[in-house]
Amino acid sequence: MSITSPEKYWWKPADLQEKVWITIAILWCLVLSVMMPLWHIIGTQNPSLEPMKIRTDDYRAVSDAFIEKYKVGEESGIPVVEPPANSDVYLRAQMWNWTPILKLKKGVNYKFHISSTDLMHGFSLMPIVMNFQIVPGHDNILNITPTEAGTFHILCNEFCGIGHHTMIGKIIVI
Amino acid sequence: MSNELEFRTCPITGKKVFKATQNLIWINAVTAVVFILIGGIMAFLIAMTRWPAVHLLPAEMFYRFLTAHGLNMLIFWIVFFEIAGLYFGASVLLNSRLAAPRVAWFAYILMLVGAILVNIMVFTGKATVMFSSYVPLKADPIYYLGIILFAVGALIGCGIFFGTLAVAKAEKTYEGSLPLVTFGLSAAAIIAVYTLACGAIIYIPTFLWSIGIIENLDGAMYRLIFWGLGHSSQQINVTAMVSIWYLLGALTVGATPVNEKVCRTAFVLYILFINLAAEHHLLTDPTLSPAHKIVNTSYMMYLAVLASMIHALAIPMAAEVAQRKKGFTKGMFEWLSKAPWGEPGFPAMIFSLIIFGFIGGITGVVYGTEQLSIKSHNTWALTGHFHGTVVGGTTLAFMGLTYYVIPLIFRRELIGKKWATAQPYIFAIGITLLAIGMGGAGTLGSPRRHWDVTFADAIIPFSFDPAVILFTTLAAIGALIAVTGGAIYVGVSVLSVFFGRKMAPNEAKIL
Ligand code: HEM
Ligand SMILES: [Cu+2]
Ligand SMILES: [Cu+2]
């Protein structure tokens, strides 16, 4: 029994059923392992994420300048910004909003930056449900081309203090 | 303190049970049950808050109690029980005295003081940081100190386990190799040492940061090392749980592993490959490059999965062989239909295996791929995944084992055997519904750690697909059933341990 010491020579070959099962399991694990890099080559939905460090003060300054430059209005006290095609876009997570509200164009490529200036936040793009961990001091850089027009919302799905559940942002694609 | 060499012989298994070991198993297991009670009350309150129809607690209390739930369940309940399990595996199963019982008591006191400090900080609102306490979210320094004390205590507990293995070997209390259960627990203890080392590497600087000695801590670095602790500790749970499946198989149907080599090799795979999988917590982080993530998630992770696949065959196979030897040979499944379903240990083992494998395991492999991590990270689906692994799997296995530890080690007859038998069924149904509800809502985007999924106070109006609320309701119903199952567990075990009939020294009855 498994609570007593085994017989003296327990290093014995597995029997047929075990061998069959283990072989199937190994093959399946191999399939999964190969799929992982393969999907990066043939798949079309990979995160084009480039890791980069940035000081929180610098990020605040850069994103403020970005807002200043392309601001087109205001909604719920949050600036609305419409950046030109192919430009760098800066989204800032802070307690407890996503600044600014972005107006983007369908089919146009943007270099998206997301970072936080205080705590960790969770970027969760609704309704397509794409999630990224937002860490202060680090910039998530994503190459994004909106393929669909409409209004998208950003939830926060990392606990960031008492206002966490009120933290919602917006991206409008036209 | 009683004589370290005083022992009795178990009338059922013939094992020597040393008094000092028995007391230490008792205190650690009883303490574990106290923490599952606290965690369970929190579970009820937070589950009823997430259910929009009830929305029980105010936001501040919700986040506070959610922190308390995570810590009391995932850390204190599980680890105290595991320490009891380690002492059992080394001392009772090997017929050996426990190495240094006084030090083991010291370890226990460290863990207890740590756990109490943490709870005081959390319940007084000085550490509403969730169990992961991601910097730069700061808790009171006492909170980190409590965690450190607890971890040091647990590390000493592992030391006692290894010490006891050495004592047993030196005093030749067993012949040949370690029993499989002890071997599995050794794998768990080895992973535990690595894990607790990561804990020290991250919590000591965090403590220094909280009192102002260190000025800056990088959040991403914290996450990397924290998950070296947080993920590997789940592997301790998996490994301990699998060992307990073998143990329950032996206690309920007399299961003997068909091939020791296969089972043991699978445990070794856990030790070698499971730690590397820790990085799947960071698949959506802005720190690791895609190439790094691919390597890490592709081949490393699946070797640990392979180990689980092997156990998933070996355990039912051992039970089948044992049952067939007893004459249940009709057709494919008589061995299963004639299994002791009316005894708590067998259904606890089978449901634990099924929920762990089919709910926790499959979702784990799916969410651990880079592309799908993006779809699931920090959603409620993740919470659903680990309620499959650590609750439906580990917790249920521990619950099942408790009903045997009480008569075998504590020598008390169970009070409420019928309740004990129904308990695994109730708990398994509840957790299954809970996990499915969380998984469904999370797949549609419902965030974890969130007070109000109706977003009534949001700065920009937003509302979910109504299906999210439907799944959330399903989870809440599951939670009510699971909490009932948990309450029965606490009720039966506490009543039996304190008021159960004392069994005669030679009484050879388990249930
Ligand atoms: C009666 C059984 C249980 C119920 C009904 C339950 C319910 C819940 C609920 C509703 C949440 C909150 C999810 C959120 O808002 O994000 C949660 C979180 C959690 N639960 Fe449980 N739970 C139960 C048992 C357990 C057990 C036994 C464990 C561990 C062994 C556990 C570990 C956790 C952890 C680690 C979290 C995450 C906390 C966080 O996000 O910081 N639960 N549970
Ligand atoms: Cu946030
Ligand atoms: Cu948040």
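The values are calculated or read from the model by the stated rules, or taken from the named source; none is laboratory data. In this text, all values refer to a predicted model and were calculated from it rather than measured experimentally. When we count neighbours, we look across all protein chains shown, and the Cβ atoms used for this are built from the backbone with ideal geometry, even at glycine.
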Subset of the range B:406-427 (residues that are among the aliphatic types (A, V, I, L, M), in a helix (DSSP H, G or I) and surrounded by fewer than 24 Cβ atoms within 10 Å (Cβ to Cβ)): B:408, B:422, B:426
Single condition residue A:122 does not satisfy, out of (1) within 8 Å of chain B (Cβ to nearest Cβ); (2) without any contact (Cβ under 8 Å) to a residue 60 or more places away in the chain; (3) in contact with a Gly (Cβ under 8 Å, 6 or more places away or on another chain): (3)
Residue in the range B:356-378 that is more than 30 Å from residue B:464 (Cα to Cα), out of contact with any His (no Cβ under 6 Å at 6 or more places or on another chain) and more than 16 Å from ligand 3 (Cβ to nearest atom) present: yes
Filtered residues of the range A:145-163 (kept if over 12 Å from the mean Cα position of the chain (by Cα) and more than 7 Å from every other protein chain (Cβ to nearest Cβ)): A:145, A:146, A:147, A:148, A:149, A:150, A:151, A:152, A:160, A:161, A:163
Some residue of the range A:140-149 being more than 16 Å from ligand 1 (Cβ to nearest atom), charged (D, E, K, R) and surrounded by fewer than 20 Cβ atoms within 10 Å (Cβ to Cβ): yes
Yes/no for residue B:12 being without any contact (Cβ under 8 Å) to a residue 24 or more places away in the chain and either in the same structural domain as residue B:108 (by TED's automatic domain parsing) or crowded, with 24+ Cβ neighbours inside 10 Å (or both): no
Count - residues of the range A:158-174 that are among the charged types (D, E, K, R) and near ligand 2 (Cβ under 8 Å from one of its atoms): 1
Residue tally, condition among the basic types (Lys, Arg) and at the interface with chain B (Cβ under 7 Å from one of its Cβ atoms), over the range A:1-25: 2
Meets criteria (of a type outside the set (A, V, I, L, M, F, W, C) and surrounded by fewer than 24 Cβ atoms within 10 Å (Cβ to Cβ)) for residue A:169: no
Residues being under 30 Å from residue B:316 (Cβ atoms) and either assigned to a helix (DSSP H, G or I) or touching a residue at least 24 places away in the same chain (Cβ under 8 Å) (or both) - total across the range A:15-59: 21
Matching residues, the range A:86-124, being in contact with an Asp or Glu (Cβ under 6 Å, 6 or more places away or on another chain), of a type in the set (A, V, I, L, M, F, W, C) and within 11 Å of ligand 2 (Cβ to nearest atom): A:95, A:120
Only listed residue being at pLDDT 95 or above and either surrounded by fewer than 19 Cβ atoms within 10 Å (Cβ to Cβ) or of a type in the set (Val, Ile, Thr) (or both), chosen from B:454, B:432: B:432
Considering residues of the range A:150-162 that are within 16 Å of ligand 1 (Cβ to nearest atom) and surrounded by fewer than 22 Cβ atoms within 10 Å (Cβ to Cβ) only, the residue nearest to residue A:53 (Cα to Cα): A:161
Residue A:127 being within 25 Å of residue B:380 (Cα to Cα), facing chain B (nearest Cβ under 7 Å) and within 16 Å of ligand 2 (Cβ to nearest atom): no
Qualifying residue in the range B:59-74 (condition: out of contact with any helix residue (DSSP H, G or I) (no Cβ under 9 Å at 6 or more places or on another chain) and not polar (S, T, N, Q)): yes
Test: residue in the range B:448-457 that is out of contact with any helix residue (DSSP H, G or I) (no Cβ under 6 Å at 6 or more places or on another chain) and among the charged types (D, E, K, R): yes
Neighbours by Cβ (under 6 Å, 6+ apart or cross-chain): first from the range B:374-390, under 14 Å from residue B:352 (Cα atoms) and more than 9 Å from chain A (Cβ to nearest Cβ); second of a type outside the set (Asp, Glu) and not in a helix (DSSP H, G or I): none
Counted residues, the range B:89-148 - those being over 30 Å from residue B:248 (Cα atoms) and part of a loop (DSSP other than H, G, I, E, B): 17
Of the criteria (1) in contact with a strand residue (DSSP E or B) (Cβ under 9 Å, 6 or more places away or on another chain); (2) surrounded by 24 or more Cβ atoms within 10 Å (Cβ to Cβ); (3) within 22 Å of residue B:318 (Cβ to Cβ), which one residue B:397 fails: (1)
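Yes/no matrix, rows are residues, columns are (1) at pLDDT below 95; (2) within 16 Å of ligand 3 (Cβ to nearest atom); (3) within 24 Å of residue B:495 (Cα to Cα); (4) within 14 Å of chain A (Cβ to nearest Cβ):
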| position | (1), (2), (3), (4) |
| --- | --- |
| B:47 | no, no, no, no |
| B:53 | yes, no, no, no |
| B:83 | no, no, yes, no |
| B:103 | no, no, no, no |
Check on residue B:96, within 11 Å of ligand 1 (Cβ to nearest atom) and modelled with pLDDT under 95: no
Residue, farthest from ligand 1 (Cβ to nearest atom), within the range A:54-92, restricted to residues that are hydrophobic (A, V, I, L, M, F, W, C) and within 12 Å of another protein chain (Cβ to nearest Cβ): A:80
